[in-house]
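The values are calculated or read from the model by the stated rules, or taken from the named source; none is laboratory data. Treat the numbers as computed from the prediction; the structure is a model and nothing was measured. Note that each Cβ is placed from the backbone with ideal geometry, even for glycine, and that neighbours are counted across all protein chains shown. For the accessible areas, the whole protein counts, side chains as well, though only heavy atoms, and no ligand, DNA or RNA atoms are used. Shrake-Rupley method; radii C 1.70, N 1.55, O 1.52, S 1.80 Å.
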Amino acid sequence: MLPVHLQNVSKVYTSRRGPVLAVDDITLDIASGELFFLLGPSGCGKTTLLRMLAGFIDPSQGQIFFGPKDVTHLAPERRDAAMVFQNYALWPHMTVFKNVAYGLEVRRVDAAQRRQRVGELLETVRIADRATAKPMELSGGQQQRVALARALAVRPSCLLLDEPLSNLDASLRAAMRWEIRRIVKQAGTTAVYVTHDQAEALAIADRIALMREGKLVQMGSGRELYESPNSRFVAEFLGEANFIAGQVVAEQSGVLKVQTAVGALLARKGLASPSTGQSVTCCIRPEGVRLLSSPGQAEARVQAKLTEWTHLGESARFKVTLSGGIELAGAAMPARATAAVGQELPIYLSAADVTILPQ
Ligand code: ADP
Ligand code: MG
């Protein structure tokens, strides 16, 4: 396993409709052994960046390092990275065992060692009992396990995964993402994982780089990005968010008082450093819109009307309308709620749940 460093990496494609700037001046560091996510909407340049790491695409500008070594223009087979493709790309005529052993054969690893290594890997990915099956005889999740084992066989210093779960159905996706994390951590490899699915990234990433239109917009742990987004785009991409405009009127021991159309709110700064008098946007997650007060917390009480209530089993989603027609989406534990749609009620917004977005 090796750290990965990208220095001012850009990629311009030349298409018939002119140049396309797919990756725009990205600099970032991935730590050794880290499970690092490239997250962003379709077309934002994730696959292009991953393929530059793999060596399938030459950067138009910038440099890529694996550890101290500049691999920018090194052929894929010479840079010690292994890719797991969206469609698995297993060899259909080979058994599971052969698929996993192939890379070792090419590297002339002797037969006894090969058997031992493949045996270990099939145990790791929990498919040892299907060693003699052909890929066609396996489920999607099982094929995914084989693809992971095959990529890990050569002990790559960097494992690259491009939307690895997108061909699986929803329940299997949720189970497999934890499997991928377990397998990657057990192998100890540095891994770069591309997805457009924020839930996948939030669930298992050590860190996430969120991309938009070829640019890196924010990088940090899932929790950091979720709780302290640096823009509306980040806040909305990582889940549902409510926004209320206001003006900072005071600050006391780190808590801001923000005057808004629905009254004064108390807020935390997040990544912003607003001064008194400045216009700001407050970001509130649904779970921050509470129907019950938490005594002892700095919170604002705002009059509201419940307009929607959706029972989801373990939780509920609701909507409230505040004065001036501002609508907020909320989330609650249903067992605690006693309100009925149409009812006037107060909502409570605590300072910890109201985050100022940087300008
Ligand atoms: P993502 O993986 O985030 O969906 P891609 O890296 O595949 O994004 O694509 C980024 C941008 O580059 C898109 O606008 C896409 O249309 C464009 N693009 C990708 N591959 C090529 C190519 N071979 N030639 C021209 N444009 C391309
Ligand atoms: Mg892609």
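Just a few scattered comments:
- 5 angstrom amide H check on Gln218, placed H, neighbours 5+ away: Leu210
- Among the GluC sites (Glu not before Pro) within segment 257-359, those in coil by DSSP and having at most 16 neighbouring Cβ atoms inside 10 Å are Glu314.
- Solvent-accessible area, 1.4 Å probe, carbon plus sulfur percent, for segment 282-359: 52 percent
- Shape of segment 88-156, Cα gyration tensor, a/c cut at 1.5: prolate
- When the trypsin sites (Lys or Arg not before Pro) in segment 150-218 are filtered for DSSP coil states and for at most 11 other beta-carbon atoms within 10 Å of their beta-carbon, no site remains.
- Fraction of accessible area attributable to carbon and sulfur, segment 39-133 (%, probe 1.4 Å): 49 percent
- Against the main long axis of the alpha-carbon atoms of the chain, helix 111-124 sits at an angle near 20°.
- Within the accessible surface of segment 137-192, defined with a 1.4 Å probe on protein heavy atoms only, the carbon and sulfur portion equals 48 percent.
- Qualifying aspartates and glutamates (Cα of each under 16 Å from Cα of Lys11; at least 8 residues distant if same chain): Asp24, Asp25, Asp58, Glu213
- Phi-based couplings in Hz for segment 44-59 (Karplus 6.51, -1.76, 1.60; Gly and Pro marked x): 7, x, 4, 5, 4, 5, 4, 5, 5, 5, 6, x, 7, 10, 7, x
- For the chain, the Rg and Dmax computed from alpha carbons only, in angstrom: 24.5, 75
- Measuring r between the beta carbons of Gln252 and Gln359 and using R0 = 22 Å, the FRET efficiency lands at 0.50.
- Think of a 1.4 Å ball rolled over the protein heavy atoms: segment 11-95 then has 50 Å² of accessible area per residue.
- Ignoring the sites themselves, the chain has its longest run without chymotrypsin sites (Phe, Trp or Tyr not before Pro) in a DSSP loop having at most 15 other Cβ atoms within 10 Å at 86-359.
- Between Arg232 and Thr27, the contour length at 0.36 nm per residue exceeds the Cα-Cα span by 71.6 nm.
- Per residue, the accessible area of segment 127-235 comes to 39 Å² when a 1.4 Å probe rolls over the protein heavy atoms.
- Springs between Cα atoms under 10 Å define the GNM used for the chain, and in it the highest mean-square fluctuation of His196, His311, His73 occurs at His311.
- Candidates Ser253, Ser32, Ser157: whichever shows maximal mean-square fluctuation once the chain is modelled as a Gaussian network with Cα springs under 10 Å: Ser253
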